[in-house]
Amino acid sequence: MTKTNHFLIVDFERHADTLLKEFIGREWLIDLVQGWINDPKASQVLLIEGTYGIGKSAIAARLWRQTGWIDAAHFCIAGQNSTTEPLN
C-alpha cells in the first residue's frame, strides 16, 4: 500500500464516522441489501441511487463500517479532488 492510499483510507474512516454520527433507521434498506447478498442469482453489482442529501453516502458508510459485508470502499467527497479525480 502506498502512503497516499493509506491517507485516503484514514480520510474515508473519518468521513464515515462523520456520516454515521447521526445516522439512524433504514433497517428496511439493510434488510434489502442482506437479501441481495443472499440471492445467488442476483446481479454482482448493487447500485444505490437517490437525490442529493437523501443518505446514500451514510448507508454506504453503514454497510462498510458496521456490517462486515464490504471489504473496501471509496467515497467521492465534494471539494476533495483526491477522491473525485479518476486518475487519483
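Within segment 12-29, how many residues turn out to be part of a loop (DSSP other than H, G, I, E, B) and of a type in the set (D, E, K, R)?
Qualifying residue count, segment 12-29: 3.
Quick one: how many residues across segment 30-70 are out of contact with any Phe, Trp or Tyr (no Cβ under 7 Å at 6 or more places or on another chain) and part of a loop (DSSP other than H, G, I, E, B)?
17
Of all residues being open to solvent by 70 Å² or more (accessible area, probe 1.4 Å) and under 19 Å from Ile77 (Cβ atoms) in segment 17-41, which is modelled with the lowest pLDDT? Just the residue, please.
Applying the filter and picking the extreme gives Glu22.
Looking only at segment 42-69, filter to residues that are of a type in the set (Val, Ile, Thr) and surrounded by 12 or more Cβ atoms within 10 Å (Cβ to Cβ); which one of those is farthest from Phe12 (Cα to Cα)?
Ranking the candidates gives Ile48 first.
The values are calculated or read from the model by the stated rules, or taken from the named source; none is laboratory data. Quick caveat: nothing in here was measured; it's all calculated off a predicted structure. Here Cβ is always computed from backbone atoms with ideal geometry, including for glycine, and neighbour counts include all displayed protein chains. Surface accessibility is based on the protein's heavy atoms, side chains included, excluding ligands, DNA and RNA. Shrake-Rupley method; radii C 1.70, N 1.55, O 1.52, S 1.80 Å.
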